[in-house]
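The values are calculated or read from the model by the stated rules, or taken from the named source; none is laboratory data. Keep in mind that what you see is a predicted model, and the values were worked out from it rather than measured. Every residue, glycine as well, gets a Cβ built from its backbone with ideal geometry; the counts of neighbours run over all protein chains shown.
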Amino acid sequence: MENIITIKDFKMRFGNTEVIHGLTFNVKRGETFGFLGSNGSGKTTTIRALLGIYQPTDGELLLDGKPYSVSGGMKLGYLPEERGLYKKESVIDAMVYFGELKGMSRDEAKEASLAYLNRVNLADKANVRLDKLSGGQQQKIQLGITIMDNPELLILDEPTKGFDPVNRKLLMDIIKEHRAKGATIMMVTHQMDEVERLCDHIVLLKDGKSYAYGTVEEVKKKFNKKSLDEVFLQVYGDENEETR
């Protein structure tokens, strides 16, 4: 399979501090890829550089073989950890607005929005203002906006953060449905059970460096562990001891 994401010898420096140190990995078209690491390991910095929000200090960050451009033709959906919605608007108005920004007609955006709201059991909230919804409900709306135009690449930063098990399963089922349609999924999560169940390949970051890269089974074998939770604890164990 061809690479949809290529990151090679990526370095990032803020002032005199280098936070990413020669990071290299690829994401294959059509796979689900786990981008893992503790808070502060460099995940968000890497994603922002990949999407052109940050200018890398050195190295290559490519989408479909070229640097990302809004006008580049790739349909990309990005769900950041920091959510951004117009909270004084109704759910349906906000969703339709973002759908039109993605190039959908108003009718297409409304049809897709209503279908999604029905799918996530929020059809009765279509005309409710976003600031009247719970945090979890707002998160569902944000995901719906991210996926509504069926992007070929989905970058999801903690998509199920704060969800109960029922809603976690619902959202992961929706993500799997998009994978079945051919989408590539790059997922940032601390839920290692989701990673083991869904991801084809993973990279594990610590302090801006790759500590493991490969299939789930290859990474577990490298550390001689039975689960990714155990791998994570081994990689970050010394750090946790120091903070006690």
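Condition check: within 24 Å of R48 (Cβ to Cβ) and either out of contact with any Gly (no Cβ under 7 Å at 6 or more places or on another chain) or not aliphatic (A, V, I, L, M) (or both). Does F232 satisfy that? Considered against the rule, which asks whether it is within 24 Å of R48 (Cβ to Cβ) and either out of contact with any Gly (no Cβ under 7 Å at 6 or more places or on another chain) or not aliphatic (A, V, I, L, M) (or both), F232 comes out as yes. Checking the structure you have, find out if any residue of the stretch 81-96 is closer than 22 Å to P159 by Cβ, assigned to a strand (DSSP E or B) and of a type in the set (V, I, T). Looking for residues that are closer than 22 Å to P159 by Cβ, assigned to a strand (DSSP E or B) and of a type in the set (V, I, T), one finds none in the stretch 81-96, hence no. Could you tell me whether T45 is in a strand (DSSP E or B) and of a type in the set (V, I, T)? Criteria not met by T45.
Taken over the stretch 53-83, the criterion of being among the aliphatic types (A, V, I, L, M) and more than 19 Å from V19 (Cα to Cα) is satisfied by L62, L63, V70, M74, L76, L79.
Residue count for the stretch 67-101 under the criterion of being touching an Asp or Glu at 6+ places or on another chain (Cβ under 7 Å), surrounded by fewer than 18 Cβ atoms within 10 Å (Cβ to Cβ) and under 14 Å from P151 (Cα atoms): the result is 2.
The residue that is modelled with the lowest pLDDT, among those in the stretch 1-40 that are assigned to a strand (DSSP E or B) and of a type in the set (D, E), is E18. Taking the condition modelled with pLDDT of 90 or more, among the acidic types (D, E) and either at positive phi or in a helix (DSSP H, G or I) (or both), does E217 pass? Against the criterion (modelled with pLDDT of 90 or more, among the acidic types (D, E) and either at positive phi or in a helix (DSSP H, G or I) (or both)), E217 qualifies. Please go through the stretch 62-96 and give me each residue that is in contact with a Leu (Cβ under 8 Å, 6 or more places away or on another chain), at pLDDT 85 or above and not hydrophobic (A, V, I, L, M, F, W, C), ordered by number. Matches in the stretch 62-96: P67, Y68, K75, G77, Y78, K88, E89, S90. Return yes when E158 is free of Cβ contacts under 8 Å to residues at least 40 places away in the same chain and of a type outside the set (S, T, Y) and no when it is not. Judged against the criteria, E158 is not a match. Considering the stretch 178-212 alone, what residues qualify as being more than 18 Å from G30 (Cα to Cα) and of a type outside the set (S, T, N, Q)? Answer for the stretch 178-212, where residues must be more than 18 Å from G30 (Cα to Cα) and of a type outside the set (S, T, N, Q): H190, M192, D193, L204, L205, K206, D207, G208, K209, Y211, A212. Figure legend. Inter-residue proximity from the stretch 2-21: first residues within 16 Å of G208 (Cα to Cα), second residues outside any strand (DSSP E or B) and of a type in the set (D, E), beta-carbon distance below 8 Å, spacing 6+ or different chains. Indicated pairs: H21/D207.
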